[in-house]
Each structure stands twice: as structure tokens, then as C-alpha cells.
Amino acid sequence: MKKIAILANGGDVAGFNAVIRAIMRTAGTHGIESYGYIEGYKGLVENNYIRLDNNPIASGILPKGGSIIGSSTNTIVFHYKVQHEDGTVTYEDLSDRCVQNVKDAGFDCVFTLGGDSTQKSARDLFIKGINIIGVPKTIDNDVACTDITFGYNTAVSVAAEALDRLHTTAETHNRIMVLEVMGRDAGWIALESAIAGGADAVLIPEIPFDLTKVAESIEKRRARGKNFSVVVVSEGAKSKEGIVETHKEEGIDSQSGISVKFGGIGQKVAKELEKLTGLEARCTVLGYMQRGGTPTAFDRVLSTKYGAKAMELALEGKFGVLTVIKDGKLSSVPLEEVVGQNKEIGAVQGGTANSNIRRVTMDNELLITARDIGICLGD
């Protein structure tokens, strides 16, 4: 093995650079050159990459947020948006070009840092002949087959700090303060931050909610002299009627497989709770604050472990796998297991009904703990 390449794909998270650094440093101890594709799969299609080892851009990056090699979102090489000179747009399968680009560059392995959609494309490219090793990244902590993804702990820490601040305002003004956090299909951020931040209720995608139940829990608090409450809501939380809040997002390309953006549930919950309880209610949407900035010490260590392990797997010739942590130990699983039933090569998008997304189960310790300490889950 002489040369490896790294690509970061999907929404940015704290820890991207720590993984890149760990792969580079482990490769360097074995005399292997490290390169980075610019803007994820977009760079792979355009054959746009730079050398990373001995490059000033890759110095001092452990505590740095974002990605020094950028990242692309909604970029599927099997269904790639091509704009022509005459202004027309077509969607083309450019996966063969990607395979040829890797071979021409002489890369012995490509490391894909990303979530469900990223690893779905990684599995498909592996089948087409690229030596690939995935590293699980997502804010939502919902990549299958691993206990935790890098970037998640930082997001939870940011949300917990926000709750600390909202508590003081809620108590001062006798209000209901609603915090909307990320979590399209899984409620890990909401659940863990609610416990860490002392929230009174938390609504997650896995449990359809009834706001009258939340209002009842708030009334019980008022009866005890607590005239304020703090509620955490996942962006993908849905009512017992199965309704989720989404909105058209300017710039989102429906042909890419995504036509709507989750969001707005926090405002709806705040308005409804105000009507049901008579208390003033306000909503704060944390949004991209969860993604950016310096990673926590936990995420720096986790990212470093993931990156080093990924490079170890490459040295062992174990390709077509995802680096994972199971029961606290570093390991790997075939990308085939990660994609679940989403077997079709070149599927437009991950996150489908067939995807093997990791969700909160009803017997999960976090969920049980939340119930034990009296947090209302809206059911």
C-alpha cells in the first residue's frame, strides 16, 4: 500500500478533521501517502484532490471544526446532476468515471467519512471495484451497526448547554421553553440532551406524541409550584396522527431524492402547549449550532480511534467494511450489513424505508432512564 485518499461527505460535524488527522498519521507511520478529495463525492467525480501529508492545511486540525477538504451534500455519483452549456440539466450515472479516477490516481484505498447515504454509495462503489473503508459520521447517531458516531457527542453537549440557558429564562418568566434539535428519524440527540439538560418533556420520532399528555405533565408541575417547563423536540418528531413538520426548502433539488426539509415542529409544539396550558411558550431552533465549532474531548478521542482503526483495516486488506464500535470495542462490519435491505446499486438516496437506520428502541437504557426520572415522552 502506497497511497490512500479520504473524502468527507454529508453535513459537517465536529470531528471530521480529527478522523482525517488520525488516518494521515497512521498512514504516515507506514510510509503511506495521504490525499483528500475536495468536497466529498463531488471531488471524486471531478477528480479533484490534494495531497495532505506535509501540507500546512493539515496542521493543527485536531480541535478544528468543519472539514479541511470540504464536504458535499445530496451528491450521489450514480445519479449526478450535470449542467450542460445550453442550460439543460441531466442526471447521469458517473460511478464508472469515479472508479477510473481512483485507479488512475493509484489510490489503494478510499476512506468515506459519512452517514447512511454516504455509506450506501460506498458499498455500491466497492461492488464496482474500489477498495473502500467507511467511517460512521452523523449528527443524528443513526448509522447502523455501531454504538456511536463521531460528531454526536458534540451536538448533545451544545444542546445541553442551550437547555441550561433556556432554563433560566423559563424560570424567570414562568414560560414553557421549547428547544428543537436535529434528529430526522432518530431521537438520540433530543433524548440524551433532555436528560443532561434537565428537561421536563422530550418528543422523539420513535414515539408518536400526544400533546395533551405533555400539557398534563406541565399542569402537574404547576400544582407543585413549578410554573415553568422545558421541552426538547426532535425535528422529525411526529404526532400520534402521524403528522411530521416539513417545509419546502429553496435550493433543494427534488431530483436528488430530497424535496422537503424537516423543521417547524418546535414552533407548532410551542403554540399548541400555550393554548393547552395558558402559559406563554417560546421556541428556539438550535439548527446548525449543533454541527459547527470545536469538537468535545470525547469526540476528538472517538474520531482519532475511528481514523486509526480504519487505517489499520486498510493495512490488513479488509475493504468493503465500516469501522464500528460495538460494546465499547473497535471493530468492523461489512458495508452490506450497514445498508440493510437497501440493496439496489445506485439508489438515488439512502434513508429509505429499506435503510438499516439505528433508532431508539423502547428497551434502550436512555429511554428507560428518562421515564424513571419523570421526563414526559408524550405517550
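So the values come out like this:
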read-out	value
Selection count, region 163-183, where residues are surrounded by 21 or more Cβ atoms within 10 Å (Cβ to Cβ) and either farther than 26 Å from residue 321 by Cα or among the acidic types (Asp, Glu) (or both)	10
Extreme residue, farthest from residue 124 (Cα to Cα), among residues of region 290-327 that are surrounded by fewer than 20 Cβ atoms within 10 Å (Cβ to Cβ) and without any contact (Cβ under 8 Å) to a residue 60 or more places away in the chain	297
Test: residue in region 78-88 that is farther than 24 Å from residue 146 by Cα and of a type in the set (S, T, N, Q)	yes
Within region 12-36, considering residues that are hydroxyl-bearing (Ser, Thr, Tyr) and free of Cβ contacts under 8 Å to residues at least 40 places away in the same chain, the one surrounded by the most Cβ atoms within 10 Å (Cβ to Cβ)	34
Matching residues in region 28-81 - criterion: being among the small types (Gly, Ala, Ser), out of contact with any helix residue (DSSP H, G or I) (no Cβ under 6 Å at 6 or more places or on another chain) and under 22 Å from residue 118 (Cβ atoms)	36, 40, 43, 58, 65, 66, 70, 71
Any hit, region 104-123, residues being of a type outside the set (Phe, Trp, Tyr), within 12 Å of the chain's Cα centre (by Cα) and under 29 Å from residue 231 (Cα atoms)	yes
Of residues in region 37-54 being of a type in the set (A, V, I, L, M) and out of contact with any Gly (no Cβ under 7 Å at 6 or more places or on another chain), the one surrounded by the fewest Cβ atoms within 10 Å (Cβ to Cβ)	45
Where residue 71 falls short, out of the listed (1) among the hydroxyl-bearing types (Ser, Thr, Tyr); (2) in contact with a Gly (Cβ under 9 Å, 6 or more places away or on another chain); (3) free of Cβ contacts under 8 Å to residues at least 40 places away in the same chain	(3)
Given (1) β-branched (Val, Ile, Thr); (2) within 17 Å of residue 291 (Cβ to Cβ); (3) touching a helix residue (DSSP H, G or I) at 6+ places or on another chain (Cβ under 6 Å), index of the condition residue 13 fails	(3)
Criterion: surrounded by fewer than 23 Cβ atoms within 10 Å (Cβ to Cβ), among the β-branched types (Val, Ile, Thr) and touching a residue at least 24 places away in the same chain (Cβ under 8 Å) - qualifying residue of 148, 130	148
Residue pairs meeting the criteria (Cβ under 7 Å; at least 6 apart or on separate chains; first assigned by TED's automatic domain parsing to the domain that holds residue 7, in region 46-57; second surrounded by 15 or more Cβ atoms within 10 Å (Cβ to Cβ) and charged (D, E, K, R))	51/33; 53/33
Number of positions in region 101-145 that are part of a loop (DSSP other than H, G, I, E, B) and either under 23 Å from residue 312 (Cβ atoms) or touching a His at 6+ places or on another chain (Cβ under 7 Å) (or both)	11
Unmet criterion (only one of (1) more than 30 Å from residue 340 (Cα to Cα); (2) touching a helix residue (DSSP H, G or I) at 6+ places or on another chain (Cβ under 7 Å); (3) not acidic (Asp, Glu)) for residue 294	(2)
Subset tally (residues that are charged (D, E, K, R) and farther than 17 Å from residue 110 by Cα) for region 295-313	3
Condition check for residue 142: over 16 Å from the mean Cα position of the chain (by Cα) and either surrounded by 24 or more Cβ atoms within 10 Å (Cβ to Cβ) or of a type outside the set (S, T, N, Q) (or both)	no
Which listed residue, of 203, 302, 279, is modelled with pLDDT under 95 and in contact with a strand residue (DSSP E or B) (Cβ under 6 Å, 6 or more places away or on another chain)	279
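The values are calculated or read from the model by the stated rules, or taken from the named source; none is laboratory data. The structure displayed is predicted, hence computed values, not measured ones. Note that each Cβ is placed from the backbone with ideal geometry, even for glycine, and that neighbours are counted across all protein chains shown.
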